[in-house]
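Read the structure below first, then the notes.
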Amino acid sequence: LTACIIAGGRVEVKEFTTELLPNPLVYRIYLPPCYEDEDKRTYPVLYLIHGQTYSDTQWDRLGVPEAADRLIAAGDVAPFIVVMPRDRVWREPTEDNFGLAVEQSLIPWVDEHYRTIPDRAHRAIGGLSRGGAWAIHLGLSHPELFNALGAHSGFVFYTDLQPLYQWLENLPVGMVPRIYMDIASEDRPEIIESAAYLEDLLTQYDIPHEWHMFVGEHEEAYWQAHVEDYLLWYTQDWNN
């Protein structure tokens, strides 16, 4: 292993202003091992959105940077960037421009300021709990942006229940994202119900997806236990 692989990646916390939001958009970014040393190399990007009442620090607590370092060092995955934006408002997408800001401001900003591979095939989105609802919202309404979407203990926003049918009907051929959903066996009933509703719709529309129910509750211990598996799933198309 080279010295920079052993040293691991690094996490930076940055922000920028966008007219879509009243406050600067804060994001945490994981840059993989050797990012500085291999200055011609470009990287796929995974966007991860935290849960309600939390911030981008949640992914740090859950061990995403350490898990990414381990998988990259072991050669299990190709190096990739992780962007973890902070959502400050707990409202529906109709009243919260966070989703618009991710789509119209954050992605272009990241592609401009970091050495990304700026195409759909090398971009994925995921989230846990409310962040999973955002991943569903963005991944299905903008299939041209994301090759994969993951919802971990996620649900469907109330204001997305109607548009969801149009999104699923209108998914362009060749642009159906890979979809992964998991839920804890003792999760909140309303979240299990919402996730199962989406899973049922995906089945009805014949949209391929993974659906898992693992033992656990709606809590950080559950997501932490699965972080490495999540990262392996998101990155599986980027390893060649």
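Quick test for you: out of SER153, SER141, pick the one residue that is farther than 27 Å from ASP119 by Cα, open to solvent by less than 70 Å² (accessible area, probe 1.4 Å) and of a type in the set (S, T, N, Q). Spell out how you get there, then give the answer.
Working: SER141 fails: farther than 27 Å from ASP119 by Cα.
That would be SER153, the only listed residue that is farther than 27 Å from ASP119 by Cα, open to solvent by less than 70 Å² (accessible area, probe 1.4 Å) and of a type in the set (S, T, N, Q).
Could you check region 180-194 and list, in sequence order, the residues that are in contact with an Asp or Glu (Cβ under 7 Å, 6 or more places away or on another chain) and open to solvent by less than 40 Å² (accessible area, probe 1.4 Å)? Outline the logic, then answer.
Step one: of region 180-194, the residues in contact with an Asp or Glu (Cβ under 7 Å, 6 or more places away or on another chain) are 180-181, 184, 186-187.
If the condition is that a residue be in contact with an Asp or Glu (Cβ under 7 Å, 6 or more places away or on another chain) and open to solvent by less than 40 Å² (accessible area, probe 1.4 Å), then TYR180, MET181, ALA184, ASP187 are the ones that fit.
Residue-by-condition table, conditions (1) of a type in the set (Gly, Ala, Ser); (2) farther than 26 Å from ARG41 by Cα:
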| residue | (1), (2) |
| --- | --- |
| ALA78 | yes, no |
| ARG86 | no, yes |
| VAL89 | no, yes |
| THR116 | no, no |
| ALA121 | yes, no |
| GLY139 | yes, yes |
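Kindly establish whether SER55 is out of contact with any helix residue (DSSP H, G or I) (no Cβ under 8 Å at 6 or more places or on another chain), in a loop (DSSP other than H, G, I, E, B) and either open to solvent by less than 30 Å² (accessible area, probe 1.4 Å) or modelled with pLDDT of 95 or more (or both). It would help to see each step written out before you state the result.
Working: out of contact with any helix residue (DSSP H, G or I) (no Cβ under 8 Å at 6 or more places or on another chain): yes; in a loop (DSSP other than H, G, I, E, B): yes; either open to solvent by less than 30 Å² (accessible area, probe 1.4 Å) or modelled with pLDDT of 95 or more (or both): yes.
It is true that SER55 is out of contact with any helix residue (DSSP H, G or I) (no Cβ under 8 Å at 6 or more places or on another chain), in a loop (DSSP other than H, G, I, E, B) and either open to solvent by less than 30 Å² (accessible area, probe 1.4 Å) or modelled with pLDDT of 95 or more (or both).
Considering GLN162, GLN224, which residue is within 21 Å of LEU48 (Cα to Cα) and open to solvent by 10 Å² or more (accessible area, probe 1.4 Å)? Quick ask: steps written out before the conclusion?
Values: GLN162 fails: within 21 Å of LEU48 (Cα to Cα).
Of the residues listed, the single one that is within 21 Å of LEU48 (Cα to Cα) and open to solvent by 10 Å² or more (accessible area, probe 1.4 Å) is GLN224.
Of these, GLU36, GLU15, which one is open to solvent by 60 Å² or more (accessible area, probe 1.4 Å) and either touching a Pro at 6+ places or on another chain (Cβ under 7 Å) or assigned to a strand (DSSP E or B) (or both)?
On the way: GLU36 fails: either touching a Pro at 6+ places or on another chain (Cβ under 7 Å) or assigned to a strand (DSSP E or B) (or both).
After ruling out the rest, the residue left standing is GLU15.
Yes/no matrix, rows are residues, columns are (1) touching a strand residue (DSSP E or B) at 6+ places or on another chain (Cβ under 7 Å); (2) in contact (Cβ under 8 Å) with a residue 60 or more places away in the chain:
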{"position": "GLY127", "(1), (2)": "yes, yes"}
{"position": "TRP134", "(1), (2)": "yes, yes"}
{"position": "LEU145", "(1), (2)": "yes, no"}
{"position": "ALA151", "(1), (2)": "yes, no"}
{"position": "GLY154", "(1), (2)": "yes, no"}
{"position": "THR159", "(1), (2)": "no, yes"}
{"position": "GLN166", "(1), (2)": "no, no"}
{"position": "VAL173", "(1), (2)": "no, no"}
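Quick one: would you say ARG28 is farther than 12 Å from ARG86 by Cβ and either surrounded by 13 or more Cβ atoms within 10 Å (Cβ to Cβ) or in contact (Cβ under 8 Å) with a residue 24 or more places away in the chain (or both)? Even if it seems obvious, please write down each step before you answer.
Details: farther than 12 Å from ARG86 by Cβ: no; either surrounded by 13 or more Cβ atoms within 10 Å (Cβ to Cβ) or in contact (Cβ under 8 Å) with a residue 24 or more places away in the chain (or both): yes.
In short, no.
Out of all the residues in region 208-215, is one or more β-branched (Val, Ile, Thr) and open to solvent by less than 40 Å² (accessible area, probe 1.4 Å)? Can you show your working first?
If we filter region 208-215 for residues that are β-branched (Val, Ile, Thr), which is where we start, we get 215.
Right, trim to open to solvent by less than 40 Å² (accessible area, probe 1.4 Å) and you get none.
No, the conditions are met nowhere in region 208-215.
Residue-by-condition table, conditions (1) in a loop (DSSP other than H, G, I, E, B); (2) open to solvent by 40 Å² or more (accessible area, probe 1.4 Å); (3) free of Cβ contacts under 8 Å to residues at least 40 places away in the same chain; (4) not hydrophobic (A, V, I, L, M, F, W, C):
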{"position": "LEU46", "(1), (2), (3), (4)": "no, no, no, no"}
{"position": "ASP76", "(1), (2), (3), (4)": "yes, yes, no, yes"}
{"position": "ARG91", "(1), (2), (3), (4)": "yes, yes, yes, yes"}
{"position": "SER105", "(1), (2), (3), (4)": "no, no, no, yes"}
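The values are calculated or read from the model by the stated rules, or taken from the named source; none is laboratory data. For clarity, every value in this text was computed on a predicted model and none was experimentally measured. Don't worry about glycine lacking a Cβ; one is built from the backbone with ideal geometry, like all the others, and counts go over all protein chains shown. Surface accessibility is based on the protein's heavy atoms, side chains included, excluding ligands, DNA and RNA. Shrake-Rupley method; radii C 1.70, N 1.55, O 1.52, S 1.80 Å.
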